[in-house]
Amino acid sequence: MGLGRYITARVAWAAVVSLIIVTITFVLLAAAPNPSIREAATQAALQGGDPAAAAERERELRGLNEPLHVRYLDFLQSVYTLDWGWSQHRSQPVTEALWEGLYYTAQYSIPWTILTVILGPIVGVYSAANMYSWKDHAATGFAFFGYAIPNFFFGIILLLIFGVWLDVIPVVYDTSVPLFSLDNVIQLIIPVFVLVTGSIGATMRVSRNESAEFQNSDFMKTAKAKGVSPLRAYAYHVMRPTLVPLSTTLVGQLLALFLGSSLLVEVVFGIPGLGRLTFDALVAQDTNLVLGATLVFTFIAVVGNLVEDLVFTILDPRISYDDR
Amino acid sequence: MATKKPERFDQVDWSELSESGRLDLSINSIGMVITSLPVVLLGLYDWRFIGDRTDTFEFIGLSRNLESLDYFFIFTLLLFFFYLILPLAQNPRMTKYYWKEFKRNRPAVVSLGWLLIVFAGGLLGPLVISAPEQDILIGHQPPVFLSVDAANVANCVGDIVGGQCQGTWEYPLGTTRGGKSVFTSIIYGMTISMQIAFITTTIVAAIGISFGTVSAYAGGWVDEVLMRFVDIILSFPTLLMFLLILYIYGAGLGMFILVFSLFAWGGTARYVRSKSLSVSEEEYIKASRISGASTYRVVRKHVVPNTASSIITQLTLLIPGFLLAEAQLAFLGLGDSNIPSWGQLISAGRSDLAFAPWIVLAPGIVLFLTILAFNFLGDALLDALNPEAEAESE
């Protein structure tokens, strides 16, 4: 199998996975009583009407009396044409609400991802270059600390210290400050710091262990013997082979963290991003918005895994496509 | 089998070799069956004969009720004892070797100690200490040796020195707003954490090992289908799926454990598959095949035991994720509010953070230490059980 065919197969597979996940979501929704019908019945009962008739009208209105396969096809069509319905709780189309959330989520996740991707390997390789010295131990300790401390707990503690006791950062996120301003930077420092400490640990450990292998390799000895400066030697000869295995785990880890932590960090710091949106929708019982947010996160995960696999095969020509 | 003398190659255990049928059970399995029978019977009795509101042990005068999760927990503890602890005691030579390797890693020994404390606390604590009770009059008591401004405490249990309320030994880690002792709540939280750790690990191990070995041994299209299925499981956003299920159906701790363990075995299955593929190429597998061993016997006696070390390591590193997820959900107020978990405690103390930080800090630090300990333990087990992996990474 050639590279082209592999990529085609992999993209097709990603489409299948997304279809399966959407189907499972549909099954979950179809098997459960719809909250809006219950609500309609309650409303009718409260206003002295007939709850059964109101429930029936609501079912008719939402097309729930159609056969299952018609509803399924309709659901699929709406999902893939981005016709995601109306958010009751925000009084706007779901896609619009999600865009607004994404605007705030991007503000902290872009710096966070860039910092993790740049700092993680650098600190890891530095740690390997000074293996078993106090610098290495300090870096390792930091990595384990960041890895083990729950992000939301760390966020609360930092808010307590810097927001309440020292009063240098605002306790509540202010959406009115301009995007590129000092105030915005100040209020985003702590969330970004919390997320970076959480994600950098794994990257650092992997790049440390991977690059340790290349420290004493023949090409490093040759480079040193030729008088290449240490900085250049590490940047060109150690960093590059290290990045290949790293790239396989990096995307997956970042995505997992993104899904879990963004929700928590947004709730702790009061950032009105995607995670917060999902949470509010859950609490407000806004089915369309919950569904929309779930789909966004799912598609991000599927596409992320796809990109990771493709990048890996393109970066490392040694991988054969046959047995995958 | 356990012998006092050092084991020798020329000692042949004939009882082991004469085991021909599949129904011949080892001493471990016999113990497992004998001890789990009363648990099953008690469970049936609880399920069929006594009302929902009657405590399980009322017939002997104890007011303690068991939930279905508790039964499952006891069952996993028995499994853990008969298939992990007992084999270690039966093979003192290997145990000594593992311990020697393990001991070289100091942080891991400390971590093991901490986890044993959490384990013992979670197991015995609820039997010794009565459950934390709400008492609004004694809310916000500070921890012992610390003091807070008496204005923040409604009724100070300890002495008031210079307008500062002193902590007492009665509430070593202070109390929450509702007057629950933080220390007792943490002990009860240990039970929850241990339940999560043990039950999820058992489910993940059971599914992961079966999928992995079946996939490796069946080969062909079965392998292909199973591994594609694993791909789907791996790319599933578990936390979101759980939120969706929670939203539609509502969910307690049992549902949490079920959903998270049903979506976490993908990595284990892949791992077991690749490991058993490499193990099945070994000479001793060929030898036992030639001697006429059935596939079941080869898998059961040779492949699974030889992949066990990597599986244990992998499972140890999975547990922190579950604990963290539970704490996160509890913090968001989406967890099971009937259980006294650490996450519930953290979320309960969040509004009083400014003047009563111990309510958040104490469970948060315990959670942090536990996650850290599991990570260190996994790292050390990796080195102790797979000497090759260590050689590779250095």
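So here's what we get for this one:
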read-out	value
Inter-chain shielding of B:357-368 (mean C-beta neighbours from other protein chains, 10 Å cut-off)	3
Average partner coverage of B:323-335, which counts Cβ from other chains inside 10 Å	4
Pairwise label distance in nanometres, A:I189 with A:L310, each label 7 Å out on the Cα-Cβ vector	3.9 nm
Computed E for B:L42/A:L231 - FRET, C-beta separation, R0 56 angstrom, nearest 0.05	0.25
Prolate/oblate/rounded label for region B:179-309 (Cα gyration tensor, a/c 1.5)	oblate
Per-pair calculated FRET efficiency, R0 = 51 Å: B:S337 and B:Y284 via Cβ, rounded to 0.05	0.45
Degrees separating the helix A:3-31 axis from the principal Cα axis of chain A, which is the longest one	40 degrees
Highest-first arrangement of A:276-288, B:70-82, where packing means the average Cβ count within 10 Å	A:276-288, B:70-82
Peptides ranked, highest mean first, by Cβ atoms within 10 Å: ranges B:31-40, B:328-337, B:118-127, A:261-270	A:261-270, B:328-337, B:118-127, B:31-40
For region A:94-315, diffusion coefficient by Stokes-Einstein and Kirkwood Rh (Cα), 25 °C, 0.890 mPa s, µm²/s	128 µm²/s
Tensor-based shape of region A:56-146 (alpha-carbon gyration tensor, a/c under 1.5 rounded, otherwise prolate or oblate)	prolate
A:D174-A:M220 FRET efficiency (beta carbon distance; Förster radius 60 Å; 0.05 resolution)	0.75
Whole-angstrom gap from region A:75-125 to region A:148-175, using each part's C-alpha centre	23 Å
Overall form of region B:293-358 per C-alpha gyration tensor (a/c, 1.5; a/b vs b/c)	prolate
Computed [θ] at 222 nm, helices only, for chain A once each DSSP H run of length n ≥ 4 contributes -39500 (n - 2.57)	-25000 deg cm²/dmol
0 to 90° range, to nearest 10: angle between helix A:68-80 axis and chain A longest Cα axis	50 degrees
Inter-chain shielding of A:151-164 (mean C-beta neighbours from other protein chains, 10 Å cut-off)	4
Peptide ranges A:6-19, A:176-189, B:247-260 listed from the most packed, as the mean C-beta count within 10 angstrom indicates	B:247-260, A:6-19, A:176-189
Likely footprinting exposure, A:S229, B:S288, fewest C-beta neighbours within 10 Å first	A:S229, B:S288
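We did not get these values from a lab; they are worked out from the coordinates using the rules stated. What you see is a predicted model; the values in this text were computed from it and never measured. In this analysis, Cβ positions are derived from the backbone assuming ideal geometry, glycine residues included, and neighbour counts consider all displayed protein chains.
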